[in-house]
Amino acid sequence: MRHLRSAAVSALVLGTLITSASTALAAPPGNDTYGGRTVVGAIPFTDSLDTTEATTDSDDLSTDFCGTPAPLPTDASVWYEIAPTADEILRADVSSSTYSTTAIVATGSPGNWSVVRCGFNAVTWTATAGTTYTLLVFDNQFDGGDNGGTLNLTIDVLPPPPTVDITVNPTASFNPRTGSATVSGTATCTGEPLFTDVSTELTQRAGRFTVHGRGITSVRLCDATPQSWSMEVVTDGGSKFAGGKAASVTRASACGFFECGGDFEELTIVLRGRA
Ligand SMILES: [Ca+2]
Ligand SMILES: [Ca+2]
């Protein structure tokens, strides 16, 4: 019995030793606190970090802006600082980490934060040269447990937003039977937009009345070579376009991964009956 008891005590002592040993081995990462934040130099930037011992403290950013009904825990939070020297779109991606992550970008300092953007797995923001941005990455606990894991961070510069430039042909046709008009023009883009939409509103006086209609079309693979577009402008409320002048307002938007470029043309066009 005496032997058993002493064995139990030894096991207890050994257990305590093992626990303290593992605590000593996995220290919090240096950028666990704002004071120890990692300053990001050249971009692209990558970092891989064990955050299992990273902690939460009162400097952590508020997660009220993260689009969740309740504030998220900022478990295993770690800090980075980015000071871009050019105006650019930056993306911090932590989606290949071994735990569920949220990233917040803010300007300011602890106690005086101004949140720029918040995102699950990644955050993309428009950065201005000369502004210092603070990035906080943490375990949002959507994974349901454990503190942190292996954080894999990549910061990249995204290409600038696409641009679109449109022209509208000064003559358009109309269909006397349906009363719709067909408006056309060209679109030229930079920056390889994912999609490009063109919409036109057409207004024509008809005696005491005004005939109004709108149409929309997409330009496929808008690039540096002008692409023709054409759309049917259908009138509201069963009225019909007729031959003569009409006021047109055309808008275009070309959207990339994060932002869109736009263009606008206002032009009086002449409607002619379809041959
Ligand atoms: Ca922390
Ligand atoms: Ca977790």
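Within segment 228-241, the set of residues being assigned to a loop (DSSP other than H, G, I, E, B) and surrounded by 13 or more Cβ atoms within 10 Å (Cβ to Cβ) comprises 239, 240, 241.
Within segment 113-142, residues that are assigned by TED's automatic domain parsing to the domain that holds residue 65 and in contact (Cβ under 8 Å) with a residue 12 or more places away in the chain sit with their Cβ atoms under 7 Å from residues that are within 16 Å of ligand 2 (Cβ to nearest atom) and among the charged types (D, E, K, R), at 6+ positions apart or across chains, in these pairs: 136/60; 138/75; 139/75; 141/75.
Restricting to segment 242-275, what's the tally of residues that are surrounded by fewer than 19 Cβ atoms within 10 Å (Cβ to Cβ), touching a residue at least 12 places away in the same chain (Cβ under 8 Å) and over 31 Å from the mean Cα position of the chain (by Cα)? Of the residues in that region, 11 qualify. None of 70, 86, 76 is of a type in the set (Gly, Ala, Ser) and within 18 Å of residue 126 (Cβ to Cβ) except 86.
Considering segment 151-168, and only residues there that are over 16 Å from the mean Cα position of the chain (by Cα) and more than 16 Å from ligand 1 (Cβ to nearest atom), the residue that is nearest to residue 56 (Cα to Cα) turns out to be 152.
The residues listed here are 71, 84; of these, the one that is assigned by TED's automatic domain parsing to the domain that holds residue 34, modelled with pLDDT under 95 and either more than 14 Å from residue 34 (Cβ to Cβ) or in contact with a helix residue (DSSP H, G or I) (Cβ under 9 Å, 6 or more places away or on another chain) (or both) is 71. Within segment 188-243, the residues that satisfy the criterion of being of a type in the set (S, T, N, Q) and over 23 Å from residue 272 (Cβ atoms) are 188, 190, 196, 218, 225, 227. Counting the residues of segment 202-222 that are in a loop (DSSP other than H, G, I, E, B) and at pLDDT 95 or above gives 1. I'm trying to understand the selection: among the residues of segment 73-93, which are within 16 Å of ligand 1 (Cβ to nearest atom) and either without any contact (Cβ under 8 Å) to a residue 60 or more places away in the chain or small (Gly, Ala, Ser) (or both)? Matches in segment 73-93: 76, 77, 79, 81.
Going by the structure shown, is residue 225 assigned by TED's automatic domain parsing to the domain that holds residue 168, touching a Ser or Thr at 6+ places or on another chain (Cβ under 9 Å) and in a strand (DSSP E or B)? No. Scanning segment 102-150 for residues that are acidic (Asp, Glu) and either within 16 Å of ligand 1 (Cβ to nearest atom) or crowded, with 18+ Cβ neighbours inside 10 Å (or both) yields a count of 2.
Take residue 189 and decide whether it is away from ligand 2 (no atom under 16 Å from the Cβ), in the same structural domain as residue 233 (by TED's automatic domain parsing), under 26 Å from the mean Cα position of the chain (by Cα) and crowded, with 17+ Cβ neighbours inside 10 Å. When the stated conditions are applied, residue 189 passes them.
With the condition kept exactly as written, say whether any residue in segment 73-84 is over 23 Å from residue 258 (Cβ atoms) and more than 15 Å from ligand 2 (Cβ to nearest atom). Scanning segment 73-84, I find at least one residue that is over 23 Å from residue 258 (Cβ atoms) and more than 15 Å from ligand 2 (Cβ to nearest atom), so the answer is yes. The residues on offer are 93, 57, and the sole one that is of a type in the set (D, E, K, R) and either exposed (fewer than 14 other Cβ atoms within 10 Å of the Cβ) or in contact with a helix residue (DSSP H, G or I) (Cβ under 6 Å, 6 or more places away or on another chain) (or both) is 57.
Looking across segment 60-72, not a single residue is more than 7 Å from ligand 1 (Cβ to nearest atom), surrounded by 19 or more Cβ atoms within 10 Å (Cβ to Cβ) and acidic (Asp, Glu).
The values are calculated or read from the model by the stated rules, or taken from the named source; none is laboratory data. As the structure is a computational prediction, the values presented were derived from the model and not from experiment. Methodologically, a virtual Cβ is constructed for each residue, glycine included, from the backbone with ideal geometry; neighbour enumeration extends over all protein chains shown.
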